[in-house]
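No lab work stands behind these numbers, since they all come straight from the coordinates. Since this is a predicted model, take the numbers as computed values, not measurements. Here the Cβ positions follow ideal geometry from the backbone for every residue, glycine too, while neighbour counts run over all protein chains shown.
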Amino acid sequence: MTYEEIVDKVRDDYENADARAIYEHVAIQFNVEGEGAGIFYIEVSNRKVSVEPYDYYDKDALVIITSEALLAISDGTMTKEEALEQGFIKLYGNMDKLKLMRKIVLKKNSL
């Protein structure tokens, strides 16, 4: 999968996400390693979610993840917890802001 396809997949997963439970600004950058490597971010602002294929200068947290783990989480064959335990994900920054991302309700079982 290419970088563009990965970003499109994540954007599609979050396109109609419900972020009404998040009342503060959150910006999480994802650095994808492996096939389709690249950088994108997920931002919650005004209780709406956006996904953009850019570096976020003033991010709250950074998630480094392999493309394989990202896609496995997205298609439901691996949980985030399993990926973290197996070393496919590394987390840096404000853990409270990362935890807020759990409040986003996706339109399907995705990232």
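A few points about this structure:
- R0 of 22 Å, Cβ-Cβ distance Lys48-Lys99: FRET efficiency to nearest 0.05: 0.70
- Spin-label model, Asp18 to Leu106: label points 7 Å out along the Cα-to-beta-carbon direction sit 1.6 nm apart.
- Cα→Cβ-extended label distance, 7 Å offset, between Thr77 and Asp58, nm: 4.0 nm
- Annotation: aspartates and glutamates with alpha-carbon distance below 18 angstrom to Lys107 (same-chain offsets under eight excluded): Asp8, Asp12, Asp13, Glu15, Asp18, Glu43, Asp75.
- Going from the residue with the fewest nearby Cβ atoms within 10 Å to the one with the most, Asp12, Asp58 rank Asp58, Asp12.
- The chain: calculated mean residue ellipticity at 222 nm from DSSP helix runs of at least 4, using -39500 (n - 2.57): -8000 deg cm²/dmol
- With eigenvalues of the C-alpha gyration tensor scaled by 5 and rooted, the range 28-89, Å: 21, 13, 11
- Total formal charge among the other residues, if their Cβ is under 10 angstrom from that of Glu43, Lys/Arg +1 and Asp/Glu -1: 0
- Listed by chain and number, the lysines placed with their C-alpha closer than 23 angstrom to that of Lys59 are Lys9, Lys48, Lys80, Lys90, Lys97, Lys99, Lys103; residues fewer than eight positions away on the same chain are left out.
- The range 10-27 versus the range 48-105: alpha-carbon centroid distance in Å: 13 Å
- Percent RCO, i.e. relative contact order, over the chain, from Cα pairs under 8 Å lying at least 6 residues apart: 31 percent
- Pairwise label distance in nanometres, Tyr92 with Arg11, each label 7 Å out on the Cα-Cβ vector: 2.6 nm
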